[in-house]
Amino acid sequence: MVIRPFLPVNHRMLVRRQASFYTWGMAPYEIELVGGHPALDFLNTVHDWTEQPRRDRLVTFGDAVRFGEAAGVLERVEVRALEGRDGGGELTRLVALRDVLQRVTDALIGGRASSEADLEALATTAVEVASRTHLERVDGRLRRVIDVADAGSAVLRLRIADAALALLASDDTERLKSCPACGWFFVDTSRNRSRRWCSMSTCGASAKSRRYYRRAKAARAGDG
């Protein structure tokens, strides 16, 4: 899908398929970018929101930087500027932002009110985003920019927060869904809004296999 042009940050937005893959970390593995939006792909860096204990894809700040490049939030030149940094606590702040966004997004999808604490946390983050944002004139229009030279190690978190806040305040919230199997989030861009799974190659395939097993088992019981 095409990322909608409401993402007001200074980086290239990917035009990508519904599911694409990237590999990262000391022990490489593949993960699908199925959210249709970088803020949702950020939420999906938890292996499975329904599992405890949580298996986190963001183990180091370097993991977060590599995710940022894969999701189109950071450009290669920016990644090189951030590589080797310890992040100065940014990994902890990224995880805290992800937890707040997960709860707020889940509540929005479920038609529930978000907690005052979570809304206040997002409001505080919005103030920080604004303080690090400047305007540039590009092709006859203004663009909001969060520059790595100014934001430093916080650039990834602030760009994700900026994109997430824009998404949660947009009409696209009507198309937000979470996978019933793993809790991953995505924008349902299907014509009749019938998409159910994060990916048919993972959770969808597993559900299909379970249904087949139940039907086969019922058929065997009926034959007996």
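Can you list the strands (runs of 3 or more DSSP E) lying wholly within segment 136-198 that have 1 or more residues being out of contact with any Lys or Arg (no Cβ under 8 Å at 6 or more places or on another chain), surrounded by 12 or more Cβ atoms within 10 Å (Cβ to Cβ) and hydrophobic (A, V, I, L, M, F, W, C)? Steps first, please.
Details: elements: 141-146, 176-178, 185-187.
Of the strands (runs of 3 or more DSSP E) lying wholly inside segment 136-198, those with at least 1 residues that are out of contact with any Lys or Arg (no Cβ under 8 Å at 6 or more places or on another chain), surrounded by 12 or more Cβ atoms within 10 Å (Cβ to Cβ) and hydrophobic (A, V, I, L, M, F, W, C) span 141-146, 176-178.
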In segment 61-83, the residues that are outside any helix (DSSP H, G or I) and either touching a helix residue (DSSP H, G or I) at 6+ places or on another chain (Cβ under 7 Å) or without any contact (Cβ under 8 Å) to a residue 24 or more places away in the chain (or both)
71, 72, 73, 74, 83
Given (1) touching a residue at least 24 places away in the same chain (Cβ under 8 Å); (2) touching a strand residue (DSSP E or B) at 6+ places or on another chain (Cβ under 9 Å), where does residue 150 come up short, assuming only one miss?
(1)
Residues being at positive phi and either touching a residue at least 40 places away in the same chain (Cβ under 8 Å) or outside any helix (DSSP H, G or I) (or both) - total across segment 84-126
4
Near pairs, Cβ below 8 angstrom, 6+ apart or cross-chain, from segment 182-200 (acidic (Asp, Glu)) to any residue that is modelled with pLDDT under 90:
188/194
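The values are calculated or read from the model by the stated rules, or taken from the named source; none is laboratory data. The shown structure was predicted, so the numbers you read here are calculated from the model rather than taken from an experiment. Cβ: placed from backbone, ideal geometry, glycine included. Neighbour counts: every protein chain shown.
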